[in-house]
Amino acid sequence: MIEIKVHWAKDNLSGYEIKGHALYAEEGEDIVCAAISVLAQTGVFSLDRFTSMELEKDVDKGMLCCEIPEDISQEEKNKAELIIKTVLVGMYETARAYPERIKIIDERGLFSC
């Protein structure tokens, strides 16, 4: 199962952490893993491209962690939060389609699945 943790810092979204595999199909053919992977990486690429912050990220096979630094301007926080919210919409919709393969942990309940 893929586990997605939504991270918060005070009242702002601060990032996400993804671990595991969907085990929907063989490696290289798993559309559920591919969907979440593309969404997660697009978030990282977008944060790198559209903000000037030094993003804290960790990527390994079956794991991706993306954290926004706390010491950035409010304008950068707003941009970053919009990017993360967009990524999360895709993740929640994918989880809705494959609930037995994806678990989302969001203590603030930003979206409902």
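Every read-out reported here was derived from the displayed coordinates using simple, explicitly stated rules and does not represent laboratory data. Just so it is clear, the structure is predicted and the values come from calculations on it, not from any experiment. So basically every Cβ, Gly included, is an ideal-geometry build from the backbone, and we count neighbours across all protein chains shown.
Per-structure values
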quantity: Odd one out for TYR24 among (1) among the aromatic types (Phe, Trp, Tyr); (2) surrounded by fewer than 16 Cβ atoms within 10 Å (Cβ to Cβ); (3) more than 17 Å from GLU107 (Cα to Cα); calculated: (2)
quantity: Test result for THR94, under 13 Å from the mean Cα position of the chain (by Cα) and closer than 20 Å to MET1 by Cβ; calculated: yes
quantity: Residue in segment 50-65 that is in contact (Cβ under 8 Å) with a residue 40 or more places away in the chain and surrounded by 15 or more Cβ atoms within 10 Å (Cβ to Cβ) present; calculated: yes
quantity: Conditions (1) free of Cβ contacts under 8 Å to residues at least 12 places away in the same chain; (2) of a type in the set (Val, Ile, Thr); (3) farther than 17 Å from CYS66 by Cα: number failed by VAL38; calculated: (3)
quantity: Meets criteria (of a type outside the set (Asp, Glu) and closer than 14 Å to HIS7 by Cα) for LYS57; calculated: yes
